[in-house]
Amino acid sequence: MKLFISLTSVYARKVRIVVREKELTGRIEEVVTLPVDAAPELLAANPLSQIPALIDDNGQAWTDSSVISAWLDGQADGVRLLPDYGTDAYWRVRRMETAAMGMIEMMAKIVYENRRPEDERSPFWLRRWEDNLVRAFRMADAFGPDPAVFDMGTMNLAIAATFCDFRLGHVDWRKVAPRIAAVQAELEKRQSFIDTHPR
């Protein structure tokens, strides 16, 4: 299998952590690529030229980090990241994952807006998106993520927290999300997180 990634992509990091936790590194080749280059191999996997993208052993293309991660969770032994479908535990984990992915999308908007020339940036939208982000951290913290539990929910909250530190260090999310801070501190000690940290 081939997994198209960028070493600093938060979306790719999610899948790369799953690959390591499911002990699939021997079966998946990570191909570092820049989406802006629109490499033909990446476009064959995802015509939107977005990463991550996965080509499985049957030549089937998989896109979207959450879909790829859920599929990989069923492909090997190792830690189970998603509870049984339809159970209360499953929906709780998926709600945490979705909250984290929404936070990441909000951060990406801020990052891209800040890459525009200063006189083209919108202070209104930057402030609004940052306010949304802090509210989202507070809401996700109310789910009660537990540092002792490792699943798709806590994994994604930790990834979102580290992405915020990496790209938006001025956002003081810890004051509204102490549980997420504890989850981040614990999970970033795992080897899969160490190996994929966006340094």
Test of understanding: among TRP125, TRP71, TRP91, TRP129, which residue is aromatic (Phe, Trp, Tyr), modelled with pLDDT of 95 or more and in contact with a helix residue (DSSP H, G or I) (Cβ under 6 Å, 6 or more places away or on another chain)? TRP129
Starting from the stretch 118-139, take each residue that is part of a helix (DSSP H, G or I) and list its partners that are of a type in the set (Phe, Trp, Tyr), counting only C-beta distances under 6 angstrom and pairs at least six apart or across chains. PHE137/TRP173
Of the listed residues (ARG128, ARG138), the one being within 17 Å of THR98 (Cβ to Cβ) and among the charged types (D, E, K, R) is ARG138
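The values are calculated or read from the model by the stated rules, or taken from the named source; none is laboratory data. Quick caveat, the model's predicted, so the values are computed rather than measured. Here the Cβ is made from the backbone with ideal geometry for all residues, glycine too, and neighbour counts use every protein chain on show.
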